[in-house]
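What follows is a short report on a single structure.
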Amino acid sequence: MFNLEKLLPINPTINFLKLRKIMIIFSILAIIFSLIFLFIKGLNLGIDFKGGILIESKIKNITISELRSVLNKNFDDVTIQEFGSSDNLIIRLQNKENLDNTVIVNNVKNLIQEYVVEFRRSEYVGPTISKELFYNGLKAISLALFFILIYIWFRFEWHFGLGAIIALIHDVFITLGILCILSIDFNLSSIAAILTIVGYSLNDTVVIYDRVRENLRKYKKMNLLELFNVSLNNTFSRTVMTSITTLLALFSLFIFGGEVIRSFSFTMIIGVIIGTYSSIFVAVPSLLLFKFRSIDEEE
């Protein structure tokens with residue numbers, strides 16, 4: 001059986017912090033470019049955040065991809081997903097031309113009538129609700145970052161808390177920047193993906209920070225740069241293995257999971273890669289920005 005661990009060095013001696021200045025400059029530039037794109041181009045908001053029309057129907061003799069092709073001839077931004085069973089679908093589309101919603105629903109029904117057994121319901125998501133969902137999503141991300149800061153602060157020290165938050169803010173902004181550049185739909189599943197990324201990246205960072213704290217007690221006279229490198233090498237195999245196995249699952253979801261979870265899985269793939277990078281090259285080097293002291297020196 002193929003063993004991925006054999007590809008990794010048993011006792012690595014990589015000088016991670018030798019690259020810290022280059023990586024910090026790279027990260028700062030990446031965040032700046034992400035912010036520029038977010039302000040100039042903006043996120044490609046999905047129907048959850050822009051408002052639109054929802055139609056639930058039971059279909060026959062047609063696949064989702066075929067039905068999407070039929071609707072795309074007359075409508076833009078059409079999303080279709082299974083709801084409960086493979087023949088029960090939710091169709092979402094936007095009212096860009098500000099037509100009467102009833103007219104649009106009737107146009108859709110006439111267009112796909114031959115493939116439908118039953119139209120079960122139609123709803124309209126208004127702009128007020130959409131904006132509320134969007135701002136609630138941003139609020140959820142902000143609150144998550146705040147409580148993470150408090151958690152790390154109490155578990156370790158304030159230096160670690162700020163270092164973790166710097167890394168997480170780095171992950172969120174760069175992930176959003178990539179979604180913006182590639183015009184990937186940003187919807188409620190994207191919010192869920194970003195919150196998951198925050199948790200994943202934090203878990204990676206906490207494992208490394210725990211080893212840093214352990215080595216601070218173990219090597220009281222060791223230079224901080226050397227101690228951080230030792231800690232990163234101690235956890236390198238675990239960090240890489242966790243990331244690779246997670247990415248294998250996410251790529252499977254992205255390729256075979258269908259259109260419904262594509263934005264979620266793509267956001268997660270980008271986030272896991274960036275989160276792994278930030279745990280090594282942002283979270284730990286950021287500790288050097290503060291007047292960091294060994295735990296034993298404070299006691």
Query raised in the report: Helices from the chain with mean Kyte-Doolittle at least -0.5 and a Cα length along the axis of 15 Å or more, per DSSP H: which?
Result: 20-40, 101-112, 127-155, 158-181, 188-218, 224-256, 262-278
Query raised in the report: In nanometres, what is the gap between the two model label sites at Ile24 and Lys218, each 7 Å from Cα along Cα-to-Cβ?
Result: 2.6
Report summary line: Highest GNM mean-square fluctuation among Phe281, Phe75, Phe264, for the chain with Cα springs under 10 Å, belongs to Phe75
Query raised in the report: If you work out Kirkwood radius over Cα pairs in Å from the coordinates, which of (i) 20.0; (ii) 20.9; (iii) 21.8 do you get?
Result: (iii)
Query raised in the report: Based on the Cβ-Cβ distance from Trp153 to Ala249, what FRET efficiency comes out when R0 is 35 Å, to the nearest 0.05?
Result: 0.65
Query raised in the report: Cross-link list Lys73/Lys139; Lys139/Lys218; Lys18/Lys220; Lys21/Lys220: which exceed 31 angstrom alpha carbon to alpha carbon?
Result: Lys73/Lys139; Lys139/Lys218
Query raised in the report: Roughly speaking, what is the centre-to-centre gap between segment 189-232 and segment 14-88 when only Cα atoms are used, to the nearest Å?
Result: 30
Query raised in the report: Taking only DSSP H segments of four or more residues, each worth -39500 (n - 2.57), what value at 222 nm results for the chain once the sum is divided by all its residues, to the nearest 500 deg cm²/dmol?
Result: -21000 deg cm²/dmol
Report task. Once you have the Cα-Cα distance between Asn88 and Phe256, take 0.36 nm times their residue separation minus that, and quote the gain in nm to one decimal. Result -> 58.5 nm
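Each reported figure results from applying straightforward, stated rules to the coordinates on display, with no laboratory input. Only a predicted model underlies this, so the values are computations on that prediction, with no experimental measurement involved. Using ideal geometry, Cβ is built from the backbone for each residue, glycine included, and neighbour counts are taken over all protein chains shown.
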